[in-house]
Amino acid sequence: MGINKENFERIISELQSTGTTLVAVSKTKPVTDIEELYKQGQKDFGENYVQELTEKLPQLPPDIRWHFLGHLQRNKVKYIAPFIHLIHGVDSENLLKEIDKQGRKFNRVIDCLLQVHIAREETKFGFNADELQDLVTKINKGSLVLKNVNIRGLMGMASFTNDTFQIRSEFSYLAGLYQSLQPSFPDFSVLSMGMSADYSLAIECGSTLVRIGSLLFGARG
Ligand SMILES: *Cc1c(COP(=O)(O)O)cnc(C)c1O
């Protein structure tokens with residue numbers, strides 16, 4: 001337990017030159033660790049589980065910006081809608097509609113990233129390029145209206161591999177998609193890619209936000 005201050009300082013200085021945002025991923029870690037990093041000046045924290053997040057929330061400073069990173073079930077959106085700063089893993093139109101509905105209920109416009117499936121591993125989560133294009137078309141035609149959602153960018157996770165050539169090609173692909181979609185959304189400025197193992201590569205490929213857990217808080221059990 002306890003945070004790794006040397007890694008934190010090294011990462012912060014690494015991110016400075018490119019203006020990349022650091023989200024400290026605190027899932028499964030105690031609130032005491034979050035407090036410790038907060039005292040070092042860190043304000044953006046990311047969690048993957050709704051219940052864990054809502055339990056930690058009242059125990060921590062109110063100016064923390066909470067990011068939701070994991071797969072979000074529609075029936076749980078209501079619990080985070082009042083306070084969440086950015087939802088990274090939006091992977092379906094139905095989830096967007098639910099976030100919009102809850103945003104309206106709490107009188108907020110909720111910032112979201114669309115998750116893109118870029119890794120080789122099979123997963124149900126994330127849009128592919130065609131699905132993203134369909135979504136843009138619907139929004140442009142007005143057949144999908146999301147007044148209480150602001151789509152701010154894209155999020156992706158590279159394959160779980162040591163093959164840096166593979167990782168680089170996945171990140172570059174995502175960065176290309178991000179650039180091609182930018183004209184379609186007024187506030188598109190966040191490309192969330194890179195974790196402890198691959199954040200430097202992600203920054204080289206154009207990431208604007210990295211999500212780092214184990215380098216800051218130690219390995220998860
Ligand atoms: C857990 C997690 C991270 C952080 O992973 P580390 O390898 O510990 O840095 C980043 N992004 C997502 C979506 C995660 O689930």
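The values are calculated or read from the model by the stated rules, or taken from the named source; none is laboratory data. As the structure is a computational prediction, the values presented were derived from the model and not from experiment. Here the Cβ positions follow ideal geometry from the backbone for every residue, glycine too, while neighbour counts run over all protein chains shown.
Name the residues in region 59-105 that are within 18 Å of residue 156 (Cα to Cα) and not in a loop (DSSP other than H, G, I, E, B), would you? Within region 59-105, 67, 68, 86, 87, 88, 89, 90, 93, 95, 96 qualify.
For (1) part of a loop (DSSP other than H, G, I, E, B); (2) of a type in the set (A, V, I, L, M); (3) surrounded by fewer than 19 Cβ atoms within 10 Å (Cβ to Cβ), each residue gets a yes or a no:
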{"position": "10", "(1), (2), (3)": "no, no, yes"}
{"position": "14", "(1), (2), (3)": "no, no, yes"}
{"position": "19", "(1), (2), (3)": "yes, no, yes"}
{"position": "29", "(1), (2), (3)": "yes, no, no"}
{"position": "42", "(1), (2), (3)": "yes, no, no"}
{"position": "51", "(1), (2), (3)": "no, no, yes"}
{"position": "57", "(1), (2), (3)": "no, yes, yes"}
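Check region 141-163 and report whether any residue there is more than 13 Å from the ligand (Cβ to nearest atom), assigned to a helix (DSSP H, G or I) and in contact (Cβ under 8 Å) with a residue 12 or more places away in the chain. No, region 141-163 has no match at all.
In a helix (DSSP H, G or I) and surrounded by fewer than 17 Cβ atoms within 10 Å (Cβ to Cβ): does that describe residue 137? So residue 137 passes the test. Hey, could you check region 179-218 for residues that are exposed (fewer than 15 other Cβ atoms within 10 Å of the Cβ), at pLDDT 95 or above and in a loop (DSSP other than H, G, I, E, B) and say which is nearest to the ligand (Cβ to nearest atom)? Filtering region 179-218 for residues that are exposed (fewer than 15 other Cβ atoms within 10 Å of the Cβ), at pLDDT 95 or above and in a loop (DSSP other than H, G, I, E, B), the one nearest to the ligand (Cβ to nearest atom) comes out as 189.
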